1. Take region 131-158 and flag every residue that is over 18 Å from residue 89 (Cβ atoms) and surrounded by fewer than 18 Cβ atoms within 10 Å (Cβ to Cβ).
2. With 69, 124, 49, 85 as the choices, which residue is exposed (fewer than 12 other Cβ atoms within 10 Å of the Cβ), more than 18 Å from residue 155 (Cα to Cα) and of a type outside the set (A, V, I, L, M)?
3. Could you list, in sequence order, all residues of region 63-111 that are basic (Lys, Arg) and in contact with a helix residue (DSSP H, G or I) (Cβ under 6 Å, 6 or more places away or on another chain)?
4. Return yes when residue 64 is assigned to a loop (DSSP other than H, G, I, E, B), at pLDDT below 95 and loosely packed, with under 13 Cβ neighbours inside 10 Å and no when it is not.
5. Residue check, residue 161 against (1) surrounded by 12 or more Cβ atoms within 10 Å (Cβ to Cβ); (2) modelled with pLDDT under 95; (3) of a type outside the set (Asp, Glu); (4) part of a loop (DSSP other than H, G, I, E, B), all met but one. Which one?
6. Output the number of the condition that residue 112 fails; it satisfies all remaining conditions of (1) of a type in the set (Lys, Arg); (2) over 18 Å from residue 159 (Cβ atoms); (3) surrounded by 16 or more Cβ atoms within 10 Å (Cβ to Cβ).
7. State all residues of region 88-105 that are of a type in the set (A, V, I, L, M), surrounded by 24 or more Cβ atoms within 10 Å (Cβ to Cβ) and not in a strand (DSSP E or B); if no residue qualifies, say none.
8. Output the residues belonging to region 11-30 that are in a helix (DSSP H, G or I) and either touching a His at 6+ places or on another chain (Cβ under 9 Å) or closer than 23 Å to residue 67 by Cβ (or both).
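The values are calculated or read from the model by the stated rules, or taken from the named source; none is laboratory data. Model, not experiment: these values are computed from the prediction. When we count neighbours, we look across all protein chains shown, and the Cβ atoms used for this are built from the backbone with ideal geometry, even at glycine.
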Amino acid sequence: MDSKALVEALGKKFDDKAVQTIVRELKITKIPKAKPKESEDYLEVKNAGLHLGFTDGDYLEGRKVARYGNADMILTGVTFYAADGEPGYKAYPGTVPGGVSVTDPLEKVLSKLGSPTEVYEDGGVVYTRSWKTDKYWMTFSYDEHGNAKYVQAVLPAYFDRIGE
């Protein structure tokens with residue numbers, strides 16, 4: 001599955017043609033559905049090294065509702081896993097936006113993507129490097145040894161909403 005198609009589908013409803021093309025290509029049979037008190041649901045495609053995050057449209061738009069699950073589910077995030085990035089997931093075989101792979105050395109990532117917008121470190125250990133674009137935030141996540149675990153591309157509106 002091409003990462004470009006995945007990130008271009010961010011912000012689209014589950015029943016949108018672009019999202020349905022992804023669902024068919026990845027042979028996903030589950031339909032994401034929010035629970036009354038949980039605005040999110042996920043589609044795991046472990047054999048493709050992918051995790052797709054969907055968010056209830058009411059939550060995303062900041063609507064006050066008694067329960068979630070009545071609005072459209074919107075694709076708000078895609079996670080691309082490295083080998084051993086998460087138990088049970090295979091490595092994502094392609095490149096992520098910017099033409100780098102999840103496990104490219106830092107020098108290559110920086111040469112392709114430039115300096116990160118944001119870096120999170122603790123005790124001298126870098127855990128994430130993020131790049132912000134108009135269409136998505138892309139974050140490389142690392143373990144305590146500096147090994148890439150995964151890359152996430154997330155809709156900025158989702159970050160804005162969870163930051164409230």
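1. If the condition is that a residue be over 18 Å from residue 89 (Cβ atoms) and surrounded by fewer than 18 Cβ atoms within 10 Å (Cβ to Cβ), then 132, 133, 134, 135, 144, 145, 146, 156, 157 are the ones that fit.
2. None of the others qualify; the one that does is 124.
3. 90
4. It is true that residue 64 is assigned to a loop (DSSP other than H, G, I, E, B), at pLDDT below 95 and loosely packed, with under 13 Cβ neighbours inside 10 Å.
5. Looking at each condition in turn, residue 161 falls short on (4).
6. (3)
7. 102 - this is the single residue of region 88-105 that is of a type in the set (A, V, I, L, M), surrounded by 24 or more Cβ atoms within 10 Å (Cβ to Cβ) and not in a strand (DSSP E or B).
8. none
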